[in-house]
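First comes the structure, then the notes that go with it.
The values are calculated or read from the model by the stated rules, or taken from the named source; none is laboratory data. Keep in mind that this is a model prediction, so the values were computed, not measured. Cβ atoms come from the backbone with ideal geometry, glycine included; neighbour counts cover every protein chain shown. In case anyone asks, the SASA skips ligands and DNA or RNA and just uses the protein heavy atoms, side chains included. Shrake-Rupley method; radii C 1.70, N 1.55, O 1.52, S 1.80 Å.
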Amino acid sequence: MVFSPHVIFLDKPITVDPFEEFRPGHVMSCVRRLRKRTKSQELVYQEQCKIVAYENGKRIGLEGDPDLQFLLKGGDLLKVKSRSWRKTRFFRLNDDCKTMWQQTSKTFKSDSGFSLEDIDSVRYGRQTEGLRKYTDLSVEDRCFSIIFKSRRKNVDLIASSKEEAKRWVSGLEKVITGMQNLNRQQNTEHWIYNCMRKADKNADNKMSLKELKHFLRQINIEVDDSYAEMLFKKCDRSQSGTLEGSEIKHFYDLLTYRDEIDVIYAKYASTNGQMSSGDLLDFLQYEQREPVSSEYVQKLIEKYEVDEIAKQNKCMSKDGFLMYMNHEEGSIFNPVHKGIYQDMRQPLNHYFISSSHNTYLMEDQLKGPSSTEAYIKALMKSCRCVELDCWDGANGEPVIYHGHTLTSKVLFKDVIKAIKEYAFKTSQYPVILSLENHCSVEQQKIMAHHLTSILGSALLTQPLGYQMPTTFPGPEELKGRFLIKGKRLNKLDATFNNNTTEDEDSVSEEDEAAELKEAEQKPKEKSSNKIKLAKELSDMVIYCKSVHFSTFEHSRDNHNFYEMASFKESKAMNLAENSATAFIHHNMDKLSRIYPAGSRTDSSNYNPVPLWNAGCQIVALNFQTPCKEMELNQGRFLPNGKCGYMLKPEFQRDPASQFDPKNLSVGPWLQKKTLHVMIISAQQLPKINKDKQKSIVDPLVRVEIYGVPADNASKQTHHIENNGFNPTWNTDFQFTVHVPELALVRFVVEDYDAASHNDLVGLYTLPFTSMQNGYRHVPLLTKRGSLIPSAGLFVHIMALDG
């Protein structure tokens, strides 16, 4: 189907077969001729690994860097697991510069270690619960920890000196940063190089036929022996029985050739086989639908062209074009939305706010561990509302845990210290501390003391301005501040008219989310209707006073803007389903917090989309659980600098709006789009079953739309057998999207299995309004939201009016 004369449609897979004697339909794309490689494309197949950083297309090597050499040499470190378990272990960076090798308890195993890609951060000092608990302050400057993205336990280490500890930390951070700065093309080279190293069993920098077959399995391709032999003989020009030097580079060229990119480039390269600045402008304006200028085009050439002669002629070569396509300008995600681009001075309740439920839990709701680490992980994902379930603890110190369960306990003051340290590392916008208060008055006073002494001036203890506010301040005004959500003994205007209250008083507990959750867990037990509240804690509640919700009319007539309700999942879903317009108007004036049902003891999550459709701001999810719902949350908050705040559409903020997600009458929300998605190909999909060398992915791609009920849809491609390296589909989908401002688009790649559930390979979710038209690369993430560096989809996107 042709949508525009400017769009290229690949109606069937392109096959380029320069070797006529080869069998037809082979799985690898091959180049018509051996191309002369530019410096930027030189294969990183060297005797020793060279970590590289790139700046404006130029490669800067770290191969002589002393920190890198220190890591490659390695050294002894004291590994700490408890007070009694401390063992010296040898650690070093492997020659691939992507994995760490560590000594095991008894023997030296070649596969013992971990990938640097799995590291979330490296922390200097006693910055984990383990080191604080099991080591003394005297070794503070010799300690460091390796924190992983998954549930893998932290590695807590002690070096022999302060200088050595700092060198480990700085070296690891430097290499990890270098890896993160690689673009898709560079990641591909690095990944293929590592696979080649693994296939080179005898480390002679040559590749035998047996090693070539092993390498093809490493990169997720299954070919028959006869084809592998033909390919090998074609590349073995010296007829030596091994591939080396230029022969390996030839093989690499054949392997990484992107015929779909060639077709696109050839259509516009009308100036001596290259794209002139005018050709590139045509491509960007007509194919990519970008309203750009000639000046912008020239900047792209300066930034990405790797051939100096082409750059002088104001042209873009095929290599430069591929470099451009593999950077953020060629991504499906609009780079304009990468930073803060929304108005951040609207009232706080005009934003969706990334929010966590039972933030302290690392696993399930019944017996899993509670940890400050869970708060750190949530905050580093730009979560802006965290929950603290507070209970009386031993020695007069309040603790946080899931009450009436076997979950472990963590000190309230340790949690506040962790929050203080990490709250604003990824986002400067305000953090809401949602308190579930089960403490006695005495320990509430201790809580108040810890909040004021640890958070200091960052804790908001009075309204902004000099008179009683009538609406919320905006995120911009509250930058770097902490807001307390909880019970308050009196109205907010008491802070201006010097009204006094007793040092403690009773408040109704019937509206607390905490009490509702307890009722779900222990329905036969009755809880008291009143709890004592300390004035010191009460006075800290400014813009987020917890109140009971009865009806929308009651809230409108009796509650101030700063008084907010918490809704359990079932109640909120019912209101969103049957009273959506009223719920939306309620959220135009006030904040609403939604939390998962108490029956979700496995820490599963509910679908947040219907609640966002109803304008709910604080839709709290279990951040510790990788699932579709958390992926949608990550996609919702991907734009706007990943700051944890997304401005709601105008029709969810305008009091005159009558928007109803279920009944889409004519209004400003109705901006009907026809979305065409062509899934063209994928590149370097990871192996799912890494334990089985002969296991090859059979990938399929599914495209899903989440939004108002009329927009929800899902379509998928056929699966391709035994090719995770460069599968090609050229499958076109069409979707109708009525309310694009609320729609999310999700790409899912799965390994097809006829006998059981498909396994996830990778995924990516983004708002409809943050997609770019044209030919785009789609990055892929793991189920926990980490980037798979070398993998991606290549698609064509076209969103048309009507």
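Annotations for the structure displayed:
- Between the helical axis of 580-589 and the longest alpha-carbon principal axis of the chain there is an angle of about 70 degrees.
- Per-pair calculated FRET efficiency, R0 = 22 Å: Arg92 and Asn689 via Cβ, rounded to 0.05: 0.15
- Largest to smallest accessible area among Thr765, Thr581, Thr551 [probe 1.4 Å]: Thr551, Thr581, Thr765
- Computed over every Cα-Cα pair of the range 605-645 and binned at 10 Å starting from 0, the pair-distance distribution P(r) comes out as 30, 59, 12 percent.
- Two-site FRET efficiency, Ala656 against Lys409, from Cβ-Cβ distance with R₀ of 56 Å, rounded to 0.05: 0.65
- Rh by Kirkwood over Cα pairs, then Stokes-Einstein D for the range 673-801 at 1.002 mPa s and 20 °C, µm²/s: 143
- Interatomic Cα distance distribution for the range 348-652, bins of 20 angstrom, percent: 35, 62, 3
- Here the range 348-652 exposes an accessible surface that is 47 percent carbon and sulfur, computed with a 1.4 Å probe and the other protein chains kept in place.
- Accessible surface of the range 673-801, 1.4 Å probe, proportion on carbon and sulfur as whole %: 45
- Protein accessible area in the range 162-236, 1.4 Å probe - carbon and sulfur %: 46
- Computing FRET efficiency as 1/(1 + (r/R0)^6) for Phe114 and Glu577, where r is the C-beta to C-beta distance and R0 is 56 Å, gives about 0.75.
- Shape of the range 259-330, Cα gyration tensor, a/c cut at 1.5: rounded
- Dividing the mean sequence gap of close Cα pairs (under 8 Å, 6+ apart) by how many residues the range 114-220 holds gives a relative contact order of 19 percent.
- The value obtained for the range 276-367, namely the Cα convex hull volume divided by the number of residues, is 186 Å³ per residue.
- Shown in residue order for the range 668-684 are the 3J(HN,Hα) couplings computed by the Karplus curve 6.51 cos²θ - 1.76 cosθ + 1.60 at θ = phi - 60°: x, 6, 7, 10, 4, 10, 9, 9, 9, 10, 9, 8, 8, 7, 9, 9, 6 Hz (x for Gly and Pro).
- Amide proton proximity set for Asp120, modelled H, under 5 Å, gap of 5+: Ile147, Phe148, Lys149
- The chain, helix-only ellipticity at 222 nm - DSSP H runs n ≥ 4, -39,500 (n - 2.57), divided by all residues, nearest 500: -7500 deg cm²/dmol
- Near Phe148: Cβ cut-off under 9 Å, other residues only, Lys/Arg at +1 and Asp/Glu at -1. The net charge is +2.
- Cα long-axis angle, helix 569-578 against the chain (0 to 90 degrees, to the nearest 10): 80
- For the range 421-473, the Stokes-Einstein estimate of translational diffusion at 37 °C and a viscosity of 0.692 mPa s comes to 242 µm²/s, using the Kirkwood hydrodynamic radius over alpha-carbon pairs.
- Local electrostatic count, Lys314, Cβ distance below 10 Å [Lys/Arg +1, Asp/Glu -1]: -1
- Based on the Kirkwood approach, the hydrodynamic radius assigned to the chain is 29.1 Å, with every pair of different Cα atoms included.
- Of the listed residues His404, His438, His357, the order by accessible area with a 1.4 Å probe, largest first, is His404, His438, His357.
- The figure for Val708 is an accessible area of roughly 0 square angstrom, using a 1.4 Å probe on the protein chains alone.
- Between helix 184-199 and the chain: long-axis angle, C-alpha atoms, 0 to 90°, nearest 10: 70
- In the range 655-717, the C-alpha radius of gyration followed by the widest Cα-Cα span (Dmax) gives 19.5, 62 angstrom.
- Only protein heavy atoms count here; under a 1.4 Å probe, Leu455 has an accessible surface of about 0 Å².
- Principal axes of the range 241-287: Cα extent on each, largest first, Å: 49, 19, 11
- Whole-number accessible area per residue in Å² for the range 738-790, which is evaluated in the context of all protein chains at 1.4 Å: 31
- Local electrostatic count at Tyr422 - Lys and Arg +1, Asp and Glu -1, tallied over other residues with Cβ under 11 Å: +4
- With the whole protein complex present, Trp391 retains an accessible surface near 40 Å², based on a 1.4 Å probe.
- Relative contact order (percent, whole number), the chain, Cα cutoff 8 Å, 6+ residue spacing: 11
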